[in-house]
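One structure below.
The values are calculated or read from the model by the stated rules, or taken from the named source; none is laboratory data. Because the structure is predicted, anything quoted here is derived from the model rather than measured. All Cβ positions, glycine included, derive from the backbone under ideal geometry; neighbour counts span all protein chains shown. Only protein heavy atoms, including side chains, enter the accessible area calculation; ligands, DNA and RNA are left aside. Shrake-Rupley method; radii C 1.70, N 1.55, O 1.52, S 1.80 Å.
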Amino acid sequence: MEINENPTTTQSISKSAVGIGLFAVLSAAVIAITQVTTVDRIDANVREAESKALYEIFPASIDEQLYDHRIELDAGQLNVETGITGYQAIQNNQVVGVILPVTSSQGYSGDIDLIVGINADSSIAGVRVISHKETPGLGDKIDRAKSDWIESFRGTRRQGQDDSNWAVKKDGGQFDQFTGATITPRAVVKATSVALDYFESHKNLLLSPANREKSYAE
């Protein structure tokens, strides 16, 4: 038996199929644009947080151009991406300190990104957490906005790589841990130690003003 197609029905189905196809394409485009925009926004927020944190460690009274005094790092030792940037605090044409980025993979809920300021005499100028995923109310106390715990590093000095005092108190060291959360502060303490190791290994270059087009701490 021959079935006669209704032209109107066929056209309607075709239009619906085209409409669905266009909707799918537009939806995919919107999702892609949203993802790119979100990533860009996250990156911008991280850069803004880092810029603010730099001047909390070395204020503008020491170096108002700190954000522009960059030095490129071969950063494998710092557990961050190769080609990451450090900063030199320069006063009277001398580097009085540096700020190094470091990432700890030993956080309770994921990576913890920090910057560690180190004075020319190897003492800690300051530490700031740039991003983390630690538990709210517990591990997030590493954030300066949540508590002043991170300030306990300022002015401290590690006595060599084997300094047993460079640890949380639960491990026999000098730094407080949080009630119910030891993993997070322990990770930050170890990350500052990694930054200090890097500083001691590259001290001469890090304390030389990077006035060349490129300066690599390798």
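Tabulated data for the structure shown
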| item | result |
| --- | --- |
| Of Thr103, Ile118, Gln174, farthest towards positive along the dipole that unit charges on Lys, Arg, Asp, Glu beta carbons give region 92-174 | Gln174 |
| Arg128 accessible area, assembled protein chains, probe 1.4 Å, Å² | 20 Å² |
| Where Ile118, Ile183 fall by accessible area, highest first, once all protein chains stay in place (1.4 Å) | Ile183, Ile118 |
| Around Asn92: net Lys/Arg minus Asp/Glu count, Cβ-Cβ under 14 Å | -2 |
| Gain in span if fully extended, Asp74 to Ser61, counting 0.36 nm per residue against the direct Cα distance | 1.8 nm |
| Solvent-accessible area of Asp171 with every protein chain in place, 1.4 Å probe, in Å² to the nearest 10 | 80 Å² |
| Estimated FRET transfer efficiency (Lys146, Ser122; beta-carbon r; R0 35 Å; 0.05) | 0.80 |
| Potential extension, Asn93-Lys190 segment - 0.36 nm per residue separation minus Cα distance | 31.7 nm |
| Rounded accessible area of Lys170 (nearest 10 Å², 1.4 Å probe) | 140 Å² |
| Shape of region 124-190, Cα gyration tensor, a/c cut at 1.5 | oblate |
| Whole-Hz couplings from phi, Karplus 6.51/-1.76/1.60, listed for region 149-161; x for Gly and Pro | 4, 4, 6, 5, 7, 4, x, 7, 9, 7, 8, x, 5 |
| Estimated distance in nm for a label pair at Asn165 and Lys203, the labels positioned 7 Å out from Cα along Cα-to-Cβ | 1.8 nm |
